[in-house]
Structure formats: structure tokens, C-alpha cells
1. Consider only pairs whose beta carbons are under 6 Å apart and that are at least six residues apart or on different chains; among these, list those whose first residue lies in segment 224-244 and is within 19 Å of ILE150 (Cβ to Cβ) and in the same structural domain as GLY60 (by TED's automatic domain parsing) and whose second residue is surrounded by fewer than 23 Cβ atoms within 10 Å (Cβ to Cβ) and modelled with pLDDT under 95.
2. Could you grab the pairs with beta carbons closer than 6 Å, sequence gap of 6+ or different chains, first residue in segment 310-330 and over 15 Å from HIS106 (Cβ atoms), second one assigned to a helix (DSSP H, G or I)?
3. Take the residues in segment 161-179 that are in contact with a helix residue (DSSP H, G or I) (Cβ under 6 Å, 6 or more places away or on another chain) and of a type in the set (S, T, N, Q); name whichever of them is nearest to ALA113 (Cα to Cα).
4. With segment 174-274 as the region, which helices (runs of 4 or more DSSP H) entirely inside it contain at least 3 residues that are farther than 23 Å from ILE92 by Cβ?
5. Just give me the residues in segment 103-117 being assigned to a helix (DSSP H, G or I) and under 16 Å from the mean Cα position of the chain (by Cα), in sequence order.
6. Identify all residues within segment 62-80 that are on the phi < 0 side of the Ramachandran plot and out of contact with any helix residue (DSSP H, G or I) (no Cβ under 6 Å at 6 or more places or on another chain); write none if there are none.
7. Going through segment 142-173 one residue at a time, which ones are under 21 Å from the mean Cα position of the chain (by Cα) and assigned to a loop (DSSP other than H, G, I, E, B)?
8. Enumerate the helices (runs of 4 or more DSSP H) found wholly within segment 7-102, keeping only those where 3 or more residues are β-branched (Val, Ile, Thr), under 19 Å from the mean Cα position of the chain (by Cα) and modelled with pLDDT of 80 or more.
Amino acid sequence: MADKKTVKLVITGILGVVVAGAIAYGAYQGNNPVTAGQNGGQAGDDGLIPIRTISQTACGSTPWVVTDLLGFFKEEGLKVVYTGDTQPNQIIPSILNGNNDVSGAHPNSLAVAIAGGAKIKGVVKAGIDPLPEQDPKLRHMNWYINPNVIPEIKSFADLNKLEGRIKFSIITNNQCSDFLANNIADHNGVPRNKIEWVTMPDVQAVQALKQGLVTVGGVHPPYYKLMEDAGMVKIADSLDAGFGQGGGVGYYYFTTDFIEKNPEVVRKFARAIVKGQKWANEHPEEARKMTEDWIKVPVSATHYYAGDTDISPEMVKPWIEDLENAGVIPKGKVTVEDLVDLNVVYGK
């Protein structure tokens with residue numbers, strides 16, 4: 001559970017981001033009237049409506065790669081403009097200040113930002129965890145240990161054998177990494193306050209685990225092969241958190257202002273990206289190779305993705321409740337309706 005000092009820092013930081021974002025957004029409106037949200041969703045000279053996002057070079061890039069390269073965005077009259085690499089904790093601010101129009105995030109990341117005043121909403125599902133009977137390599141996350149460093153650890157529950165705090169790799173706080181690992185810890189009797197989070201990209205977690213800089217490395221599918229090739233041993237995966245497909249759920253989100261001004265652009269985006277996600281699920285090897293070529297890292301498998309535009313609000317609740325129970329956001333501060341738009345994709 002987060003201590004009071006941590007909670008205060010989290011909320012203060014988000015509020016600062018929102019205020020700074022609002023100021024920057026106003027300046028941006030005056031100086032850059034060319035993004036989809038600011039030109040009324042009008043097409044450019046090529047006949048396509050531009051939608052801007054960060055350069056998609058991380059583990060969740062597959063839907064963007066597939067949808068773009070196979071022309072599904074173009075079929076909907078859209079053109080994605082990649083604006084460059086952005087640090088994870090700066091992605092939501094980049095949406096708020098108008099530098100980007102859309103990105104994807106897990107419900108807890110969105111909820112913390114919304115609790116701090118950010119006017120954003122999820123509009124369509126991105127990744128989800130596969131069903132239990134499906135290939136385990138598609139599961140949203142795996143956790144590994146280095147058997148050369150702690151040979152006595154054979155399972156997640158065995159972490160209780162270790163004295164002191166246990167260092168876990170994490171991309172950034174309030175994402176899937178801590179939500180899932182904390183709940184797996186709950187199921188295995190490992191106290192949450194025994195976990196110490198060490199921030200790093202997935203690709204660095206492999207080396208950190210090999211060198212003993214962290215005790216547990218949590219990574220996503222593109223990096224499973226790197227862990228396995230390095231001789232690391234899996235002790236848990238996202239299914240162990242107990243949330244079914246909701247354990248891997250993420251949402252593509254826009255600002256509420258963008259959604260209100262450009263509902264048809266949002267619907268076009270949703271149709272295109274879901275078409276790409278379905279194709280990726282149905283062509284896993286082709287999608288894996290396309291992702292590997294795009295992010296230039298060996299990929300053993302892609303994530304598993306939603307194949308429909310249903311917003312699935314029931315999947316959001318556990319993520320909000322976990323933040324509330326940890327004291328990160330006040331109870332009732334963020335509702336499901338605050339976090340996901342239940343109407344726009346259906347034209348209501």
C-alpha cells in the first residue's frame with residue numbers, strides 16, 4: 001500500500017501536469033492550428049485526416065504497425081503522424097498539451113490522471129489478456145527470476161523466503177506492472193510493502209536481472225524470448241492476478257474536447273484499430289515479424305488484442321478499486337463513466 005507521502009507526491013505531480021498542460025494547450029491552440037482536434041477533423045491535401053501519436057516503438061506497437069502498414073487507417077480516411085519518442089510519464093501530458101491526439105494506457109494510469117483533473121477518456125479497448133486455454137506466450141506480462149542469483153526461488157510465493165524488500169522492475173508507476181504484480185503478491189501471501197519498484201524499460205530489465213540489480217523482472221511479450229534466452233526462470237504471469245481478460249486491458253484515449261469536437265474521427269479510429277487488432281490476433285506470426293522489424297528488438301510474441309469495439313466497463317472497475325484501496329486516489333473520485341466513454345463509438 002502506498003504511504004501518505006507517496007500518495008501526496010502522486011496527486012501533486014498529476015495536478016502540476018494538468019495545470020501546466022492547460023497552459024501549454026492554450027499556447028498550442030494559437031500557434032499550431034493543424035492537428036485533427038483543432039481543424040475540425042478536416043482532411044489535408046492528401047485527402048486524409050491526420051491523427052498524431054507518439055512514435056510507437058514499445059511493446060504495444062503491434063496494432064499501430066499492422067493498422068498502418070496494411071492500410072486500415074487509410075481505408076477510414078485517416079493518416080497517423082508519429083511525433084517522436086516520449087517518456088512514459090510524459091505521454092498523457094503530451095495529449096493534454098496538444099502535441100499528440102491519441103495514445104493508449106491502462107485504466108489505472110488514466111484514473112490517476114483523471115483524479116488530478118485531466119480531461120481524457122478511453123474510447124476503445126487495446127490489449128486484453130487471452131483466455132486461459134490460449135497460448136501462454138500471449139499473456140500480457142511474465143515475471144522472471146535469475147536462478148543463478150536466487151536458486152531457492154521456484155515460485156512467486158517463494159519470494160517470502162527472502163529477507164528485506166524485493167526489487168521489481170517496472171516501466172513506470174500506476175501501470176499494469178504494479179497493478180498485476182501487487183495482486184499476484186496478494187494471492188501468494190507476499191506483502192505489498194515488501195516490493196520495491198525500480199523504474200526501467202522492459203529491454204533493460206533483462207540485463208538488470210542478469211546482473212542482480214533487480215530480484216524480479218516483469219516484462220511484456222516482445223521481451224519473453226530475451227529473458228528465456230538469458231536463462232531466466234518464469235515465476236508468474238498476468239493470468240495469476242485473477243482478473244481474466246481484464247488483467248491486460250488497455251484503452252486508446254483522447255481528450256474529452258477532441259471527442260466532443262470530432263466524434264466521427266474517433267469512430268473512424270476505433271474501427272480501423274480494431275480491424276488491425278483482429279488481424280494481428282488471426283495472423284500472430286506475421287504480426288510478430290512486423291512488430292520485430294518495427295521496434296528492432298527480437299520479439300517472441302505480440303500482445304493479445306480486443307477484437308471488438310465494446311468498451312467493457314466491467315474490466316475497468318478492479319483497476320480503479322485497487323488504486324482506491326491503496327490510497328492513491330480517494331474512493332469515489334473516479335467512476336467507470338469518468339474513465340471510458342460509453343457512447344461515442346456507437347454514435348450516441
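1. Close Cβ pairs satisfying both conditions: none exist.
2. Every condition considered, the pairs that remain are GLY327/VAL7.
3. Only one residue fits best here, namely ASN174.
4. 176-187, 202-210, 224-229
5. PRO107, ASN108, SER109, LEU110, ALA111, VAL112, ALA113, ILE114
6. Within segment 62-80, TRP64, ASP68, LEU69, LEU70, LYS74, GLU75, LYS79 qualify.
7. ILE171, THR172, ASN173
8. Counting at least 3 such residues, we get 62-69, 91-96.
The values are calculated or read from the model by the stated rules, or taken from the named source; none is laboratory data. Keep in mind that this is a model prediction, so the values were computed, not measured. Methodologically, a virtual Cβ is constructed for each residue, glycine included, from the backbone with ideal geometry; neighbour enumeration extends over all protein chains shown.
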